[in-house]
1. Under a point spin-label approximation (7 Å from Cα along Cα-to-Cβ), what is the Asp37-Glu88 distance to one decimal in nm?
2. If R₀ is 22 angstrom, what is the calculated FRET efficiency for the pair Tyr102 and Lys53, using the beta carbon separation as r and rounding to 0.05?
3. Please work out how much accessible surface Ser75 shows to a 1.4 Å probe, ignoring ligands, DNA and RNA, in Å² rounded to 10.
4. Which cross-chain or sequence-distant (5 or more) residues have an amide H under 5 Å from the amide H of Ser58, H modelled 1.01 Å from N in plane?
5. If each Cα of the range 44-89 is one equal point scatterer, what is log10 of I(q)/I(0) from the Debye formula at q = 0.19, 0.28, 0.31, 0.32 Å⁻¹?
6. Rank these residues by their accessible area, most exposed first, probe 1.4 Å: Tyr83, Tyr102.
Amino acid sequence: MTPQSLPDRRVMEGFWQIAAVDALMMPTARAQDMMYDAFGKQQPRARVALAKKALEVSPLCADAWVLLAEEAAQSAEEALEFYRKGVEAGELALGPAGFKKYAGSFWGFLETRPICGQGRA
């Protein structure tokens, strides 16, 4: 198996997210679910299209901004702007209380990985 034939590691996070069915009612969780689908696609064009749809559902979906930076940016400046929007979206989605709650073990929780799955919008 080559690294290119392995599924994106973020697809596995999608399986965990499905366990939180109530969370899928929230726009940011629905957008994140779309991103898990995007990470499973082989074609960059399909991934980018799903990222754009996810942002229509919730502009607070950090993973969508990151994917656009990685696969749709036409310049380093545009990629940097997408990354900035992703950081801002993540901060807004998680909120100050979330940062306090997960301090010290931030990446040990699914909610904080994309900083999008359990946001407020």
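1. 2.7
2. 0.20
3. Rounded to the nearest 10, that gives 50 Å².
4. Here the answer is none, since no amide H 5 or more places off falls under 5 Å of that of Ser58.
5. Ignoring solvent entirely, the Cα scatterers give -0.47, -0.97, -1.11, -1.14.
6. Details: Tyr83 95, Tyr102 15 Å².
Highest to lowest solvent-accessible surface, that is Tyr83, Tyr102.
The values are calculated or read from the model by the stated rules, or taken from the named source; none is laboratory data. Note that the coordinates shown come from a computational prediction; the quantities given were computed from them, not determined experimentally. Virtual Cβ from ideal backbone geometry, glycine too; neighbours counted across all protein chains shown. For the accessible areas, the whole protein counts, side chains as well, though only heavy atoms, and no ligand, DNA or RNA atoms are used. Shrake-Rupley method; radii C 1.70, N 1.55, O 1.52, S 1.80 Å.
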